[in-house]
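S.K.: Quick one: the structure is below, and I'll ask about it shortly.
Readers should treat all values here as calculations from the given coordinates under stated rules, not as data from a laboratory. Since the model is a prediction, treat every value here as computed from it, not as a measurement. Ideal geometry is used to build each Cβ from the backbone, glycine not excepted, and the neighbour counts take in all protein chains shown.
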Amino acid sequence: MSEKVFPSNAPEIEAQRERLAEAGGPGASSPSASTLAHRAPSPFWLDRLLEAGLVLSMALYYYAGNSHLGSGPFFHLSPLATLPFLFVFMILCWYRPAMAIALLPLSLPLYLQQKTVFSHYSFSAAEIALWSCATVIVIQALVWRRRWPYWLTWSELRARLGPFLWPILLFLGAAAFSIVIAYNRTVALRAFREEVFDPLVYLLLALCCLRTRQDLVRLLLALFATGLLIAFLGIGQYLDLLAHGASLSDLPRINTVYGSANSVGLLFDYTLPMGLALMLMPRVTTSGFLASWRCRLLTLALCLPLVFVLYLTRSGGAWAACAGAVIFLIACAIADRRLLLICGLGLTLLAGLGLLCFHSNISSYLLERHANAQGIGTLTKRLYLWESALHMIKDSPITGYGLDNWLCHYSLNNVCHSTNLYHYWITTDPQTHQPTGLRYEPDLSHPHNIFLQIWVSVGIVGLLAFLAVLVLFFWLLFRILGHLYRQAEADPWLVWGTLGIGGAMVAALIQGMVDSSLLEQDLAFCFWILVLALLLLRVLSKTPWRSQSASVRAM
């Protein structure tokens, strides 16, 4: 079965853009193109202008009339008065839908500051950008029909998804069913739309529209730029706190646009490894920008703001996650398996010796970290949270309790009024009868473990589907890496992309063991963007789903 990497009837601008990208950029243009450079911008600068136009038009639409982002007259315009900005975005999207789709990650951090679109209906920037792009793409497909350059038949789409199709459909079905059994169906429906349906719609649109290596690189760079944007906001918050008299000893944890510093760390799990991969990736070529010291130096300069803000969050889970991503990237960069085994055994031995010699200090540090007024640390409270989640799962292991319905069954709180339900929170230890500290935080919105949260939310079917996606993800990741490393001259951008998304998934899963790294709108988009990028990498690297020997046996 053949797969189309490039649309056969794409506009000439797309073909010219890809030829220039493969040749190394605008500097590789022909003499005739350089002659016309004085009359019109080069394709490189045209792309930059279009990217700036897309970002600026959506930012102006989202900020104008959004009272959550400011108090001046500009932030209190009527929704109708801000529509011209949205029309500009959609016009630019009509011209380059692939570019608009690839830049969508830049809209993810503002999902809590939603804009009123009409009446009392409010949506995040990611949702507005997504459905604006979807509207343009559907109209294009209806107008151009078979001449639409991004058209995929069902068999081609099925080939791109491969074995991921059924776990994704199962996860979607389990999430949809959770609305039916949820105590608060309104909340469950909203969570389904924001955290499951919209990200999967984005996955589908991107699989159709993103075809070239340049599209993939733009997507991953946009994801990294999202973390960089939050890092700059974090530095601004840090300087503002210092300007208002806060000392370094009692400086609050940096949380930027989020309500929690851990949320900043969770976003960095998905973004910082993209930069780390550029610094730590092996040299698969001796020439080009990615093989130069300038690339490493520039990447280091761009990663430093994220590392600094990550330190200011004081999120132990995020620190451990990024450390795990670094270890993963170093391990992937070691080609010699014997050396890799020796390094792995040595690292394990050092970790074991450190734990043996300093176990008392380590346990005290972990248990007393971020202690409340009663001296109870966050790790201790997490242990009781996990116990509460396991009790909930024991009573409803098959169906769970519905998306975002944890609080209805967990505690008495002001978020979900559920006085007629049994509440599972553990306020005193049943053995020691000492307070657990959870009584003072009745509005903890999830069990702080990605697998427990999915099981409580969408049941055992959803959890198994999610686990299947993870298994397939790492199986395909190492398959692509092996395929690229076996090539004499592997494409360095594809190697970087594969390492970056692998490190990001490792980091997300590590912090996900003590936090929520999926069922939030920005994190759900980030997770499925990693899956999407891996599927695109498989096509661009021409990695088959099955080995040739397996294909021969099947015949």
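S.K.: Angle, helix 125-144 long axis vs. longest principal axis of the chain, Cα atoms, 0 to 90°, nearest 10?
M.R.: Helix 125-144 sits roughly 30 degrees off the main axis of the chain.
S.K.: Specify which residue in the list Thr299, Leu86, Ser42 is farthest towards the positive end of the charge dipole of the chain, using unit charges on the beta carbon of Lys, Arg (+1) and Asp, Glu (-1), about the Cα centre.
M.R.: Ser42
S.K.: If you fit an axis through the alpha-carbon atoms of helix 12-23 and take the longest principal axis of the Cα set of the chain, what angle between them do you get, 0 to 90°, nearest 10?
M.R.: Tilt of helix 12-23: around 80 degrees.
S.K.: Based on Cβ point charges of +1 for Lys and Arg and -1 for Asp and Glu, what charge dipole magnitude is obtained for the chain about its Cα centre, in debye rounded to the nearest 20?
M.R.: 1460 debye
S.K.: If each Cα of the range 239-326 is one equal point scatterer, what is log10 of I(q)/I(0) from the Debye formula at q = 0.13, 0.16, 0.19 Å⁻¹?
M.R.: Ignoring solvent entirely, the Cα scatterers give -0.52, -0.71, -0.88.
S.K.: Rank-order 406-413, 148-155 by packing density, defined as the average count of other C-beta atoms within 10 Å over each peptide's residues, highest first.
M.R.: Going by the mean number of other Cβ atoms within 10 Å, highest first, we get 406-413, 148-155.
S.K.: For the range 47-151, what is the Kirkwood estimate of the hydrodynamic radius, computed as the reciprocal of the mean inverse distance between distinct Cα atoms, to one decimal in Å?
M.R.: Computed over Cα pairs of the range 47-151, the Kirkwood hydrodynamic radius comes out at 14.2 Å.
S.K.: Taking K and R as +1 and D and E as -1, what net charge do the other residues with C-beta under 14 Å from the C-beta of Asn414 add up to?
M.R.: -2
S.K.: Set the Förster radius R0 to 22 Å, insert the Cβ-Cβ distance between Leu300 and Ala331 as r into 1/(1 + (r/R0)^6), and round the FRET efficiency to 0.05.
M.R.: After rounding, the FRET efficiency stands at 0.60.
S.K.: Do you know the relative contact order of the chain, to the nearest whole percent, from alpha carbon pairs under 8 angstrom that are 6+ apart?
M.R.: Over the chain, the number comes to 19 percent.
S.K.: Helix-only mean residue ellipticity at 222 nm, the chain, DSSP H runs n ≥ 4 weighted -39,500 (n - 2.57), per residue, nearest 500. What is it?
M.R.: That calculation yields -21000 deg cm²/dmol at 222 nm.
S.K.: Test of understanding: what is the full-extension gain from Thr348 to Lys394, defined as 0.36 nm times their sequence separation minus their Cα-Cα distance?
M.R.: The span from Thr348 to Lys394 would gain 13.1 nm if fully extended.
S.K.: May I ask you to order 97-110, 165-178 by the average number of other C-beta atoms within 10 Å around their residues, highest value first?
M.R.: In descending order of packing, they fall as 97-110, 165-178.
S.K.: Let me ask something else. Quick check on the exposure proxy: order Leu518, Leu421 from fewest to most C-beta atoms within 10 angstrom.
M.R.: Least crowded to most crowded, the residues run Leu421, Leu518.
S.K.: Taking amide H positions as placed in the peptide plane 1.01 Å from N, state which residues far from Thr428 in sequence (5 or more) or on other chains have amide H under 5 Å from it.
M.R.: Here the answer is Thr436, since their amide H atoms fall under 5 Å of that of Thr428.
S.K.: Order these by the 10 Å Cβ neighbour count, fewest first: Met274, Met392.
M.R.: Going from least to most buried by this count: Met392, Met274.
S.K.: Rounded to two decimal places and with Rh computed the Kirkwood way over Cα pairs, what is Rg over Rh for the range 380-445?
M.R.: On the Cα set of the range 380-445, Rg over Rh gives 0.95.
S.K.: Please work out, to two decimal places, the log10 of the ratio I(q)/I(0) at q = 0.20 Å⁻¹ from a Debye calculation in which every Cα of the range 92-160 carries one identical scatterer.
M.R.: -0.90
S.K.: Rounded to the nearest 10 degrees, what's the angle between the helix 337-368 long axis and the longest principal axis of the chain, both from Cα atoms, 0 to 90?
M.R.: So the inclination is approximately 40 degrees.
S.K.: So what is the relative contact order of the range 47-151, in percent, for Cα pairs below 8 Å that sit 6 or more residues apart?
M.R.: Relative contact order here is 25 percent.
S.K.: Per the Kirkwood formula on distinct C-alpha pairs, the Rh of the range 46-102 is how many angstrom?
M.R.: With all distinct Cα pairs of the range 46-102 included, I get 11.8 Å.
S.K.: Measure off 7 Å from each Cα along the Cα-to-Cβ vector at Arg147 and Phe289, then give the distance between these two points in nanometres to one decimal.
M.R.: Taking the simple label geometry, Arg147 and Phe289 are separated by 3.5 nm.
S.K.: Calculate the tail of P(r) for the chain: the fraction of all Cα-Cα distances greater than 47 Å, expressed in %.
M.R.: That tail contains 13 percent of the Cα-Cα pairs.
S.K.: Also, quick follow-up: First obtain the Kirkwood hydrodynamic radius of the range 155-233 from its Cα pairs, then insert it into the Stokes-Einstein equation at 37 °C and 0.692 mPa s, and state the resulting D in µm² per second as a whole number.
M.R.: 219 µm²/s
S.K.: Need one word for the range 458-555: rounded, prolate or oblate. Basis is the Cα gyration tensor (sqrt eigenvalues a ≥ b ≥ c); a/c below 1.5 gives rounded, then a/b vs b/c decides.
M.R.: oblate
S.K.: Same structure, new question: Please find the FRET efficiency linking Thr428 to Leu46, where r is the Cβ-Cβ separation and R0 is fixed at 60 Å, and quote it to the nearest 0.05.
M.R.: According to the calculation, E is roughly 0.35.
S.K.: Highest mean first, how do 114-122, 59-67, 509-517 rank when packing is the count of other Cβ atoms within 10 Å averaged over residues?
M.R.: Highest-to-lowest ranking by the protection proxy: 509-517, 59-67, 114-122.
S.K.: Short version: ³J(HN,Hα) in whole Hz for each residue of the range 244-261, in order, from phi by Karplus 6.51 cos²θ - 1.76 cosθ + 1.60 (θ = phi - 60°), x for Gly and Pro, what are they?
M.R.: Each residue's phi maps through the Karplus curve to give 8, x, 6, 8, 5, 6, 10, 5, x, 5, 6, 10, 6, 8, 9, x, 9, 5 Hz.
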